[in-house]
Number of protein chains: 2
Amino acid sequence: VRTIEWDEQNQRLRMIDQRRLPAEFALVEYDDHQAVAQAIQTMVVRGAPAIGAAAGFGLALAALRSTASEPAALRADLAAAAETLKAARPTAVNLAWAVHRILEHLPAEASAAELRRVVLAEAQRIADEDVEINLRMARHGAALIHDGDTVIHHCNTGALATVDWGTALGVIRMAHTQGKRIHVLVDETRPRLQGARLTAWELSQYGIPYDLISDGAAGYFLSSGQVQAAFFGGDRMAANGDVANKIGTYMLALACRDNSVSAYSVVPTSTIDLSLVSGAQIPIELRDPTEVLSLQVDGSPVAPAGATALNPAFDVTPSRLLTGIITEAGVVYPPYEINLRRAVQAAHSEAAR
Amino acid sequence: VRTIEWDEQNQRLRMIDQRRLPAEFALVEYDDHQAVAQAIQTMVVRGAPAIGAAAGFGLALAALRSTASEPAALRADLAAAAETLKAARPTAVNLAWAVHRILEHLPAEASAAELRRVVLAEAQRIADEDVEINLRMARHGAALIHDGDTVIHHCNTGALATVDWGTALGVIRMAHTQGKRIHVLVDETRPRLQGARLTAWELSQYGIPYDLISDGAAGYFLSSGQVQAAFFGGDRMAANGDVANKIGTYMLALACRDNSVSAYSVVPTSTIDLSLVSGAQIPIELRDPTEVLSLQVDGSPVAPAGATALNPAFDVTPSRLLTGIITEAGVVYPPYEINLRRAVQAAHSEAAR
């Protein structure tokens, strides 16, 4: 089962409800783009590549459900739907990337029916390519993992964060598939605990040995020489390699650097936003403080009544802390300003072939 | 109410049960040293100065409850109780410090009754001095906080972590008492969430504005220029200033350094273990993985069934990351090898006066 799948028969979108994992494996179906935008906002689906693909199908639903019979009216409906979908979450660029890719693909002269076909076909192409791209990143990255390594991983970047296979966790999974004996230290990843909920669940499905740790414990394991590399994803990367990723990634990368442990961001080129000079320009989503405050232990709330919280969902890791950036076009090393642009171009040429 | 108090009338120890805060404020009474050791191990009482004082009273209970009538037999009982108390938790040196201070204070020639009096009196002196020492540290440290500052704090180091007042949180509280307008970012401090449970509760009692944050979010606030200083405690500090403190402190200190934000460890000289050359020699307690795995949200467990975890309770922050060390003898700056020893000597001379 893919995380995100188009139901051809009923012409609707089916996704795994990630909020209910690991307790329950449930599929939810979506009939219109507003519901898809809501699912992205409430994190039924999360992970930069996954929300890109979901937004693509959201646009397909907007095209199919639009009552417009004239192409111009349909184009207007699509433009409005695109804005709704892009506004669902601000940090991951894949949302805007997928929506723009589809809109740019629309032929200048076409009937409404033809436009509908093109939108759906391009959304499906984005989803299918995502799996292919993940497998390519996984092979490039797995070469950096050695038999016997312990690696550290932040958030969830597996099959659940993509259409299938995964980015950073896909690299780890590929190394395991290649027969390398590895151990994964899984950051639980507060506040939404995607590490504890989703990555631990995926690793147990794949039979890869792991241990959950508190996010703050990464420094202990890194400084005691127990870790050979860290792998994480990315939600938006600037032209200089600065990368916005799940909150806590920056501190993990600092601890890697302080102990000369390699730190890799694993991102498809669709996550690279060449229009931004540096990470300072990436918008950071501030989410509901309830995500920090809703924790329970033994059935009781942890924080005192009336407690307040702040909840930035992402932070920016400066590219000076990255050993390399793993893309579908290969592993990119400094100088990132030059080499990232080349990787994006190489990926485009490959896609065009 | 002090966190730790001797009940003169009933000759027993009374402590706040910190595991039940903030939901419930409950006092528990202890009649023998085994129960005190258990309370330290299960974290009814925690915080380096607090468990030092609790161990002192534990030894007093051992003296009072011992059936020995001969001084030699009583000394043997005390030595056995000292071992039980010291074994309760390995990292904080204050446990051993308090127990040894009392044993070294015993007169060479004395009746069993006199020995009992001396043990109890010295335990009470340790507790009373703790409050005095905290107030002195608080005044030294508060001078480093300016009106309008936002400071970041890890774990709980307040009145609950000491006999009364607090170490790092005592510094923050003193700045507030002096009329400085301050805002505190409170690391929730996984896995046991002493920040969310205890520090948030204390700050609301004192009327100091704060916001809870995930531990991994500290880097975001530090790198966006919103924080002027970080204050944390210490469980054991080596002669070179390396300090073992609650897990996550090292990554916080790294993020401070990367953003040129001051980071202070606030420790009484009883936390400084001059017998250790560096932090590499500090034993780190590995606690039950259940502390990581027992998290719930909406009444459901977060981690999948069968998940495994690793749970180091402390990490070591190298002294190169500390801007200064705040002790009762003043703020100590590098070179720490020389200046920490001087501070310990100054504190001893002061205590001897």
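The values are calculated or read from the model by the stated rules, or taken from the named source; none is laboratory data. Fair warning: this is a prediction, and the values are worked out from it, not measured in the lab. Quick reminder, even Gly has a Cβ in these numbers, built from the backbone with ideal geometry, and neighbours come from all protein chains shown. These area figures cover heavy atoms from the full protein model, side chains too; ligands, DNA and RNA do not enter into them. Shrake-Rupley method; radii C 1.70, N 1.55, O 1.52, S 1.80 Å.
Key figures
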item: Selection count where residues are surrounded by fewer than 18 Cβ atoms within 10 Å (Cβ to Cβ), of a type in the set (A, V, I, L, M, F, W, C) and assigned to a helix (DSSP H, G or I), scope segment B:132-146; result: 1
item: Residue ID - least open to solvent (accessible area, probe 1.4 Å), chosen from residues in segment A:331-353 that are of a type in the set (Ser, Thr, Tyr) and free of Cβ contacts under 8 Å to residues at least 40 places away in the same chain; result: A:Ser349
item: Matching residues in segment A:273-307 - criterion: being of a type in the set (Val, Ile, Thr), open to solvent by 20 Å² or more (accessible area, probe 1.4 Å) and under 30 Å from A:Gln345 (Cα atoms); result: A:Val277, A:Ile284
item: Tabulated pairs, segment A:29-54, first open to solvent by 10 Å² or more (accessible area, probe 1.4 Å), second of a type in the set (Lys, Arg) and assigned to a helix (DSSP H, G or I), C-beta under 8 angstrom, 6+ apart or interchain; result: A:Asp31/A:Arg65; A:Asp32/A:Arg65; A:His33/A:Arg65
item: Subset of segment A:74-91 [touching a residue at least 24 places away in the same chain (Cβ under 8 Å) and of a type in the set (Gly, Ala, Ser)]; result: A:Ala79, A:Ala81, A:Ala87, A:Ala88
item: Members of segment B:201-215 found to be open to solvent by less than 10 Å² (accessible area, probe 1.4 Å) and not acidic (Asp, Glu), listed by number; result: B:Leu203, B:Ile208, B:Leu212, B:Ile213, B:Ser214
item: Flag if B:Gly170 is outside any strand (DSSP E or B) and either modelled with pLDDT under 95 or within 14 Å of chain A (Cβ to nearest Cβ) (or both); result: no
item: Filter pass, B:Glu328 being more than 14 Å from chain A (Cβ to nearest Cβ), of a type in the set (Asp, Glu) and either in contact with a His (Cβ under 9 Å, 6 or more places away or on another chain) or buried (at least 18 other Cβ atoms within 10 Å of the Cβ) (or both); result: yes
item: Residue check for B:Tyr206: without any contact (Cβ under 8 Å) to a residue 60 or more places away in the chain, touching a Gly at 6+ places or on another chain (Cβ under 9 Å), of a type in the set (Ser, Thr, Tyr) and within 13 Å of chain A (Cβ to nearest Cβ); result: yes
item: Which numbered condition B:Cys256 fails, given (1) farther than 24 Å from B:Met43 by Cβ; (2) within 13 Å of another protein chain (Cβ to nearest Cβ); (3) open to solvent by 10 Å² or more (accessible area, probe 1.4 Å); result: (3)
item: The one condition in (1) under 28 Å from B:Thr269 (Cα atoms); (2) within 9 Å of another protein chain (Cβ to nearest Cβ); (3) among the hydroxyl-bearing types (Ser, Thr, Tyr) that B:Thr199 fails to fulfil; result: (2)
item: Inter-residue pairs, beta-carbon under 9 Å, first at the interface with chain B (Cβ under 7 Å from one of its Cβ atoms) and in segment A:304-315, second among the β-branched types (Val, Ile, Thr) and in a loop (DSSP other than H, G, I, E, B), 6+ apart; result: A:Pro312/A:Ile247; A:Pro312/A:Ile284; A:Asp315/A:Ile247; A:Asp315/A:Ile284
item: Residues (among the basic types (Lys, Arg) and within 14 Å of A:Ala60 (Cβ to Cβ)) located in segment A:112-152; result: A:Arg116, A:Arg117, A:Arg125
item: Matching residues in segment B:289-302 - criterion: being in a loop (DSSP other than H, G, I, E, B) and either modelled with pLDDT of 95 or more or over 16 Å from A:Tyr210 (Cβ atoms) (or both); result: B:Pro289, B:Ser294, B:Asp298, B:Gly299
item: Enumeration of residues in segment A:176-200 that are assigned to a helix (DSSP H, G or I) and crowded, with 24+ Cβ neighbours inside 10 Å; result: A:Gln194, A:Gly195, A:Ala196, A:Arg197, A:Leu198, A:Thr199, A:Ala200
item: Of the criteria (1) under 20 Å from the mean Cα position of the chain (by Cα); (2) within 25 Å of B:Ile133 (Cα to Cα); (3) open to solvent by 10 Å² or more (accessible area, probe 1.4 Å); (4) in contact (Cβ under 8 Å) with a residue 40 or more places away in the chain, which one B:Leu59 fails; result: (3)
item: Subset of segment B:147-167 that is in a strand (DSSP E or B) and not hydrophobic (A, V, I, L, M, F, W, C) - its residue that is surrounded by the most Cβ atoms within 10 Å (Cβ to Cβ); result: B:Gly166
item: Meets criteria (open to solvent by less than 10 Å² (accessible area, probe 1.4 Å), part of a strand (DSSP E or B) and at pLDDT 95 or above) for B:Val99; result: no
item: Total residues in segment B:303-321, condition assigned to a loop (DSSP other than H, G, I, E, B) and either closer than 13 Å to B:Asn245 by Cα or of a type in the set (S, T, N, Q) (or both); result: 4
item: Exclusive hit being away from every other protein chain (no Cβ under 13 Å), in contact (Cβ under 8 Å) with a residue 24 or more places away in the chain and more than 23 Å from B:Leu322 (Cβ to Cβ), set B:Arg192, B:Arg181; result: B:Arg181
item: Any hit, segment A:227-242, residues being facing chain B (nearest Cβ under 7 Å) and either over 18 Å from B:Val302 (Cα atoms) or modelled with pLDDT of 95 or more (or both); result: no
